Every structure is written in C-alpha cells, then in structure tokens.
Amino acid sequence: MEEAPFWKEKTLVEMTNAEWESLCDGCGLCCLNKIEEWDSGDIYFTSIRCKLLDDGSCRCSSYENRWDFVPDCVQLTKENVDEIPWLPPTCGYRLINEGRDLYWWHPLVSGDPETVHAAGISARGRTISETEVDVENFEDHVVEWPLTVGDGPRAKAPKGVKR
C-alpha cells in the first residue's frame with residue numbers, strides 16, 4: 001500500500017521546514033507588487049515583480065538574503081498564512097491551509113518544476129521589474145490574471161493525469 005504524501009497527512013504546523021518550503025510551487029505570484037486601497041482594504045495585483053524575482057525561473061535571486069535588499073519583504077510562515085489576504089488562489093500554502101489538495105501541475109504532484117509554467121499558472125514572461133517603473137505609475141499595471149490563473153484550460157489536468 002502506497003503511503004499518502006505528507007501534505008495530505010500533516011497540517012502546516014506539523015511539517016518540517018523542508019516540507020514547508022517544498023509547498024512553494026515556484027509561480028512567483030506572491031512576489032508581484034500589490035496595491036491596497038486604504039479606505040476599502042481591496043488589494044490589486046500588478047504585473048510589476050520584485051526586483052529580486054527572476055522572470056525566467058520565477059524564483060527569488062537572493063532568497064536567503066532578501067531582507068538585505070527588500071526590507072519590507074513579507075515572510076510567509078506557518079503562523080501567518082491565515083493573515084495574508086493576497087495569496088493567489090492556486091498557492092500551495094493557501095490550498096493546504098484551507099484543507100484542499102495541490103493541483104496536478106504542482107511540482108510535488110507532477111515531479112517536474114516546469115509544469116507550473118507549462119500550465120500557465122506562473123508569472124513567467126508576464127512581468128516587468130519594479131526597477132523599470134516609477135511607483136507613481138504602478139496603478140497603470142494592475143492585472144487580474146494572478147487571481148484567475150487556475151481557471152485557464154492549461155491549468156486543468158490533461159487526460160490521463162490524476163489529480
């Protein structure tokens with residue numbers, strides 16, 4: 001009998017640090033700049049990526065030292081995952097925290113870190129660096145796709161792929 005994967009057996013709090021880190025699917029969506037309306041609290045994603053996010057890999061180019069370069073980088077933790085309202089709907093941390101399963105394209109399920117990009121879930125090729133946009137112009141780059149990435153046809157499991 002095959003053993004169930006750790007994310008189906010453990011809560012976020014019960015996971016080891018390595019297990020926790022592996023829940024990141026490498027989409028890069030959390031590293032997009034967001035705009036929050038002060039009066040309503042509404043949050044809008046932009047296509048502007050953190051200066052440390054590599055557009056090709058959708059990974060932080062200085063993950064271990066990111067606070068040296070981006071002091072206000074938000075660290076997602078087991079303790080604060082409930083408190084971060086802008087996690088995209090496909091985020092592995094969010095899904096597991098809500099008692100849901102990972103999608104077929106998640107590297108832990110597919111075994112391939114490229115499936116998140118092939119499924120059209122990631123920010124790959126859709127962004128511009130924050131170093132190229134004046135902060136006053138961020139609102140010109142508001143986009144909906146980070147909230148709808150799981151709705152596209154490529155995000156659905158291909159025939160023969162179990163979810």
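Tabulated values for the structure
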{"read-out": "Residues of the range 58-104 satisfying the condition of being among the hydrophobic types (A, V, I, L, M, F, W, C), out of contact with any strand residue (DSSP E or B) (no Cβ under 8 Å at 6 or more places or on another chain) and not in a helix (DSSP H, G or I)", "value": "Cys58, Val70, Cys73, Val74, Leu76, Ile84, Leu87, Cys91, Leu102, Trp104"}
{"read-out": "Odd one out for Ser47 among (1) more than 14 Å from Cys30 (Cα to Cα); (2) part of a strand (DSSP E or B); (3) not hydrophobic (A, V, I, L, M, F, W, C)", "value": "(1)"}
{"read-out": "Selection within the range 123-140 - crowded, with 16+ Cβ neighbours inside 10 Å and within 23 Å of Cys91 (Cα to Cα)", "value": "Ala123, Arg124, Arg126, Thr127, Glu130"}
{"read-out": "Tally, over the range 105-135, of residues that are under 19 Å from Leu147 (Cβ atoms), outside any helix (DSSP H, G or I) and not hydroxyl-bearing (Ser, Thr, Tyr)", "value": "10"}
{"read-out": "Test result for Tyr103, touching a residue at least 40 places away in the same chain (Cβ under 8 Å) and closer than 26 Å to Thr11 by Cβ", "value": "yes"}
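Every number in this text was worked out from the coordinates using simple rules, so none of it is lab data. Fair warning: this is a prediction, and the values are worked out from it, not measured in the lab. Neighbour counts are summed over all protein chains in view; Cβ atoms, including those assigned to glycine, are modelled from backbone coordinates with ideal geometry.
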